[in-house]
Amino acid sequence: MNRKLQQRHKGLLWGVYVDPQWRGHSLGQRLTQAVIDHARLHVDTVHATVMAANISARTLYLGLGFTVYGFEKDALAANPMTTNCCGSICTDKNPAEKLHEP
């Protein structure tokens, strides 16, 4: 089966950014929720990748129903002198059900 067809149930949230002067007004939360609401009409699950050190983004995504499913050590090679780790997180159409799975 075509790989693209096999993965059409998944969406990818990529690159959420709020200018520093506009932070603290829930814009990131509202924008991300709007993306999730739109995606739910088209896909079963939404994936995002977040730098492990980005606590505010991780808190935002977790608060919107995403769950962590893995970490990738040295995911970015922008600065080889630092260790970085990306956490992959996802949400699906029924996040409450997903949270209660063993």
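Find the helices (runs of 4 or more DSSP H) located wholly in segment 1-73 whose residues include 2 or more that are among the hydroxyl-bearing types (Ser, Thr, Tyr) and surrounded by 10 or more Cβ atoms within 10 Å (Cβ to Cβ), and list them.
Working: elements: 3-6, 27-39, 55-63.
Once the helices (runs of 4 or more DSSP H) in segment 1-73 are filtered for at least 2 residues that are among the hydroxyl-bearing types (Ser, Thr, Tyr) and surrounded by 10 or more Cβ atoms within 10 Å (Cβ to Cβ), what remains is 55-63.
If we scan segment 18-34, do we find a residue that is closer than 23 Å to LEU5 by Cα and either of a type in the set (A, V, I, L, M) or at pLDDT below 90 (or both)? Quick ask: steps written out before the conclusion?
Within segment 18-34, the subset closer than 23 Å to LEU5 by Cα is none.
There is no residue in segment 18-34 that is closer than 23 Å to LEU5 by Cα and either of a type in the set (A, V, I, L, M) or at pLDDT below 90 (or both).
The values are calculated or read from the model by the stated rules, or taken from the named source; none is laboratory data. In this text, all values refer to a predicted model and were calculated from it rather than measured experimentally. A quick note on method: Cβ atoms are made from the backbone with ideal geometry, for glycine too, and the neighbour counts reach across all protein chains shown.
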